[in-house]
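Heads up: the structure comes next, in structure tokens.
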Amino acid sequence: AQPLSGGLSNENWKVEDDSGAHVVRFGADYPFHHVARDREVMIARAAHRAGFGPAVEFAAPGVMVTEFLGAKTWGPEDVASAPERVAALLRAFHQRMPTEVEGTGVIFWPFHVIRDYARALSRGGSPHTAKLDGYLALADEMEVAQVPLPIVFGHHDLLPANILETGDRKLWLIDFEYAGFGTAMFD
């Protein structure tokens, strides 16, 4: 086993055994960030069925094992040099994922997340509490000003490192903690 870099809310390891290489991902639920690991496993399985993510080989509370793709992890320069590839990947993800996800349809709404974070900060005695009203007013203004957009199934955590590229130039997505229905605005 060897540690893999990345993973802001989880710990990742590459593990090899007689059957090959795997990624073992450890992570707890983070309700304050709207992260539920059982939902992440369901979405990872759906993403694999739709052709966007590695196969889930095992899952139990706090752990998910997926196939190791041996892929290049993208950086900011990769995204900047190939925006059309990223756009095509996301368009396909938005279109195909709704037919693969199961269970309750979770929505990711950035303005709700902002309001929820503000509530948590105000209860916790944050030094930023004095600025919350201004931030909430700005978020409300932005929410009202946005144009209506169709609902899609979005990834909602598009750090460059969540895009992988295999030797055949296929792009993959990983890390589905925030994935859910919403507008394409956040992606």
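At a glance:
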{"quantity": "Where Ile114 falls short, out of the listed (1) among the β-branched types (Val, Ile, Thr); (2) in contact with a Gly (Cβ under 9 Å, 6 or more places away or on another chain); (3) open to solvent by 40 Å² or more (accessible area, probe 1.4 Å)", "calculated": "(2)"}
{"quantity": "Matching residues in the stretch 96-144 - criterion: being touching a residue at least 24 places away in the same chain (Cβ under 8 Å), of a type outside the set (Phe, Trp, Tyr) and closer than 20 Å to Phe32 by Cα", "calculated": "Gly105, Val106, Ile107, Pro110, Val113, Ile114, Arg115, Asp116, Ala120, Ala139"}
{"quantity": "Hits in the stretch 1-29 (condition: in a strand (DSSP E or B), touching a residue at least 24 places away in the same chain (Cβ under 8 Å) and within 16 Å of the chain's Cα centre (by Cα))", "calculated": "Arg25, Phe26"}
{"quantity": "Matching residues, the stretch 1-11, being open to solvent by less than 80 Å² (accessible area, probe 1.4 Å) and either closer than 18 Å to Leu158 by Cα or modelled with pLDDT of 95 or more (or both)", "calculated": "Gly6, Gly7, Ser9, Asn10"}
{"quantity": "Ala161 vs. criteria at pLDDT 90 or above, in contact with a Ser or Thr (Cβ under 6 Å, 6 or more places away or on another chain) and at negative phi", "calculated": "yes"}
{"quantity": "Given (1) part of a strand (DSSP E or B); (2) more than 24 Å from Met42 (Cα to Cα), index of the condition Glu57 fails", "calculated": "(2)"}
{"quantity": "Residue within the stretch 13-35 that is closer than 27 Å to Ala87 by Cβ, surrounded by 14 or more Cβ atoms within 10 Å (Cβ to Cβ) and of a type in the set (Phe, Trp, Tyr) present", "calculated": "no"}
{"quantity": "Failed item, numbered, when Thr104 is tested on (1) closer than 28 Å to Asp175 by Cα; (2) part of a helix (DSSP H, G or I)", "calculated": "(2)"}
{"quantity": "Residues (of a type in the set (D, E, K, R) and touching a strand residue (DSSP E or B) at 6+ places or on another chain (Cβ under 6 Å)) located in the stretch 6-28", "calculated": "Glu11, Lys14, Arg25"}
{"quantity": "Residue in the stretch 7-14 that is of a type in the set (Lys, Arg) and within 27 Å of Gly182 (Cα to Cα) present", "calculated": "no"}
{"quantity": "Only one of Arg119, Arg91 that is part of a helix (DSSP H, G or I), more than 22 Å from Ser5 (Cβ to Cβ) and either under 17 Å from the mean Cα position of the chain (by Cα) or at pLDDT 95 or above (or both)", "calculated": "Arg91"}
{"quantity": "The stretch 145-187 - residue that is β-branched (Val, Ile, Thr) and touching a residue at least 60 places away in the same chain (Cβ under 8 Å) and, of those, least open to solvent (accessible area, probe 1.4 Å)", "calculated": "Ile163"}
{"quantity": "Criterion: exposed (fewer than 14 other Cβ atoms within 10 Å of the Cβ), more than 17 Å from the chain's Cα centre (by Cα) and aromatic (Phe, Trp, Tyr) - qualifying residue of Phe58, Phe68", "calculated": "Phe58"}
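The values are calculated or read from the model by the stated rules, or taken from the named source; none is laboratory data. Computed from a predicted model, the values in this text were never measured in an experiment. Methodologically, a virtual Cβ is constructed for each residue, glycine included, from the backbone with ideal geometry; neighbour enumeration extends over all protein chains shown. Ligands, DNA and RNA are excluded from the accessible area calculation, which covers all protein heavy atoms including side chains. Shrake-Rupley method; radii C 1.70, N 1.55, O 1.52, S 1.80 Å.
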